[in-house]
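In what follows, a structure is listed as structure tokens, so that the remarks can point back to it.
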Amino acid sequence: MTTNAGRIDSALDLLNTALIPYVEERLGDALGDWTSRARLPNSFNQHDGLDAYGALYALIHNWRDVFGSILPMAARDAASAALAGRNASAHRTGQLDDKVTLRALSGTAELLELIDAGD
């Protein structure tokens, strides 16, 4: 049986595959050396690069300077939903709430569609 945590993990795997390269490319296009100029989570390590959490964080926190002119506002909302699910999963003390999971999965699917991630 698949758990909500497992569903969130699968969504993060999809974001690792599709969102990270998208975010890194757009940050580079807009900021040049984005690793020193972009707003990134404190946990960002330049040698390891972005993970799904970092990519979602970067999309949300660099919205005005990078992503707002190339994506509809729905992409920021979708990223926020996906990030909320990731955070709930990463910091859970019990089972994940069905509504949080559904919102996170819906946000992930919408975000992947909006960045034209394909199949």
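The values are calculated or read from the model by the stated rules, or taken from the named source; none is laboratory data. Predicted model only: the values in this text are computed from it and were never measured. Positions of Cβ are generated from backbone atoms using ideal geometry, with glycine treated the same way; all protein chains shown enter the neighbour counts. Accessible surface areas use protein heavy atoms only, side chains included; no ligands, DNA or RNA. Shrake-Rupley method; radii C 1.70, N 1.55, O 1.52, S 1.80 Å.
Side notes on the structure shown:
- Of the helices (runs of 4 or more DSSP H) that lie entirely inside region 1-76, those containing 3 or more residues that are surrounded by 14 or more Cβ atoms within 10 Å (Cβ to Cβ) and touching a residue at least 40 places away in the same chain (Cβ under 8 Å) span 4-31, 52-61.
- Residue in region 77-105 that is least open to solvent (accessible area, probe 1.4 Å), counting only those that are within 15 Å of the chain's Cα centre (by Cα) and basic (K, R): R86
- Matching entry among L27, L111 (being under 12 Å from the mean Cα position of the chain (by Cα) and not hydroxyl-bearing (S, T, Y)): L111
- Selection over region 77-117 of residues that are under 18 Å from T17 (Cα atoms), part of a helix (DSSP H, G or I) and among the β-branched types (V, I, T) gives a count of 1.
- Qualifying position, being among the aromatic types (F, W, Y) and within 16 Å of R7 (Cα to Cα), among Y57, Y53: Y53
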